[in-house]
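In what follows, a structure is listed as structure tokens, so that the remarks can point back to it.
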Amino acid sequence: MNRVTLAALPLPRTPASAAALEVARSYQSTALLHHTLRSYLWAAARGEAEGVAYDAELLYVAALFHDLGLVPAFDSHTVPFEEAGGHVARVFAAGAGWPTQRRDRLAEVIVRHMGPPVAAAADPEGHLLARATATEITGAGADDYPADFRSEVLERYPRLELAEQFLACFRDQAARKPDGAAAHAVRSDLAARMAANPLDAPARGPAAPGSRARPGP
């Protein structure tokens, strides 16, 4: 990936994007909020580097809302968290005056971040968000980004207690919704994959001689 900086990335300044940030900040912990903002930055940077034409406002709002279904106010005991988040986003978008088709696209992007991979040509925002959230949680593709850009993003939005909070949320989702994507991720050794995330290495600090990372938060 070519050199990229935060200043060079498009940051939506629309009323809807400002309202979405306000909502995300009101309902999410700081660690989860930073996670959503970093998700947008990883996604936008990849889109710019790979020449993917994407809707910055749509991608930004989807990134901010993609995990809203994990927070207590919007958690659902009947549908997967990504679907619950999609419903919340659709209601928000209606209030923001978005037309029906755009509301549906927003919900679709959010749901797809937990689904099978989708090609950029078919759904650029869904493609970029899914890859960005994989980078965030397990470090997949983290090495694609220049080291100085990774440092810039992590300095702007520190990871804080994301690993512990996110794993706890997914384990809770898995216990209550065993057929959902979150449960599948937990059964697929999510804890170990998260423990090996290189984005958390600065927070963990250097390993002691002869020590090995252990699975789990």
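Every listed requirement among (1) in contact (Cβ under 8 Å) with a residue 40 or more places away in the chain; (2) of a type in the set (Asp, Glu); (3) in a loop (DSSP other than H, G, I, E, B) is met by Glu82 save one, (3).
Confirm whether Val111 is among the β-branched types (Val, Ile, Thr), at negative phi and surrounded by 14 or more Cβ atoms within 10 Å (Cβ to Cβ). Yes; evaluated as a whole, the condition is true for this residue. Taken residue by residue, the range 96-110 has at least one member that is closer than 17 Å to Ala132 by Cβ and of a type in the set (Val, Ile, Thr).
Which of the residues that make up the range 133-182 are assigned to a helix (DSSP H, G or I), among the hydrophobic types (A, V, I, L, M, F, W, C) and without any contact (Cβ under 8 Å) to a residue 12 or more places away in the chain? Spell out the reasoning first.
Applying the first criterion (assigned to a helix (DSSP H, G or I)) to the range 133-182 yields 133-138, 142-144, 147-156, 162-176, 181-182.
Okay, now just the ones that are also among the hydrophobic types (A, V, I, L, M, F, W, C), so 134, 137, 142, 147, 149, 153-154, 162-163, 166-170, 174-175, 181-182.
The answer is Ala134, Ala147, Ala175.
The set of residues in the range 42-69 being hydrophobic (A, V, I, L, M, F, W, C) and surrounded by fewer than 24 Cβ atoms within 10 Å (Cβ to Cβ) consists of Ala49, Val52, Ala53, Ala56, Leu58.
No value in this document is a laboratory result; all are computed from the given coordinates. Keep in mind that what you see is a predicted model, and the values were worked out from it rather than measured. As a convention, Cβ positions derive from the backbone with ideal geometry for all residues, glycine included, and neighbour counts pool all protein chains shown.
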